[in-house]
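**Q** One structure, pasted below without further comment.
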Amino acid sequence: MLIERAGVHEKGTFNIQSLLENSRKNTNFAKSGAIATFIGVVRNENNEGQKVISLKMQAYEEKANEVLNAIAKDLSEKPGIVDVQIHHLLGEFKVGEEVVYVSVAGSHREEVFSVLREAVERYKKEAPVFKKEKILTENGESEYWVSEKDKSSPH
């Protein structure tokens, strides 16, 4: 059985339970003493303090899957790490909805926390996933694509 370690998924086809089930299917999971997770959700305000109504997430899917899998594979080879999962959702999202799941399973919490942070930072910089914000302005609603320079900002 092929276990998907990373990739992009249409909204509604992957969730936190899928993430944990995938991690537990790893043949080395019994070596784990900790699983750390990061769940990115849509905030109600962007970095400029504007009210966010919704986000639309799109990706260059083939390349995003390749990049996310490469990051997961690379990080899973670190000492003490058993499994790394990175799954980004695509589609339209309201404030509070989940858009990304990252988990790291490993022998000890110290190892999983540092690798979890690295996984999040790397996917945000390296994966071709694009965010379009719909915001409320004094003139009504406005939409714009968040530029590459802003990819390091949190969701």
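**Q** In region 107-151, what residues are of a type in the set (Phe, Trp, Tyr) and touching a Leu at 6+ places or on another chain (Cβ under 9 Å)?
**A** Within region 107-151, just 123 meets the criteria.
**Q** Go through region 72-155 and tell me which strands (runs of 3 or more DSSP E), entirely inside it, have 3 or more residues that are surrounded by 15 or more Cβ atoms within 10 Å (Cβ to Cβ).
**A** The strands (runs of 3 or more DSSP E) meeting that bar are 81-94, 98-106, 129-137.
**Q** Considering only residues that are assigned to a loop (DSSP other than H, G, I, E, B) and charged (D, E, K, R), look in region 1-31 and name the one that is farthest from residue 70 (Cα to Cα).
**A** 11
**Q** Of the conditions (1) more than 17 Å from the chain's Cα centre (by Cα); (2) closer than 16 Å to residue 120 by Cβ, residue 49 satisfies every one except a single condition; which number is it?
**A** Every listed condition holds for residue 49 apart from (2).
**Q** How do the pairs read when you match residues in region 72-96 that are within 20 Å of residue 25 (Cβ to Cβ) with residues anywhere that are surrounded by fewer than 21 Cβ atoms within 10 Å (Cβ to Cβ) and aromatic (Phe, Trp, Tyr), using Cβ under 6 Å and keeping only pairs 6 or more apart or on different chains?
**A** Once the first residue is within 20 Å of residue 25 (Cβ to Cβ) and sits in region 72-96, its partners that are surrounded by fewer than 21 Cβ atoms within 10 Å (Cβ to Cβ) and aromatic (Phe, Trp, Tyr) give 87/14.
**Q** Something else now. From the list 46, 65, which one is buried (at least 16 other Cβ atoms within 10 Å of the Cβ), without any contact (Cβ under 8 Å) to a residue 60 or more places away in the chain and out of contact with any helix residue (DSSP H, G or I) (no Cβ under 8 Å at 6 or more places or on another chain)?
**A** Testing whether each residue is buried (at least 16 other Cβ atoms within 10 Å of the Cβ), without any contact (Cβ under 8 Å) to a residue 60 or more places away in the chain and out of contact with any helix residue (DSSP H, G or I) (no Cβ under 8 Å at 6 or more places or on another chain) leaves just 65.
No value in this document is a laboratory result; all are computed from the given coordinates. Here the structure is a predicted model, which is why all the values come from computation and not from measurement. Neighbour counts run over all protein chains shown; Cβ positions are idealised from the backbone, glycine included.
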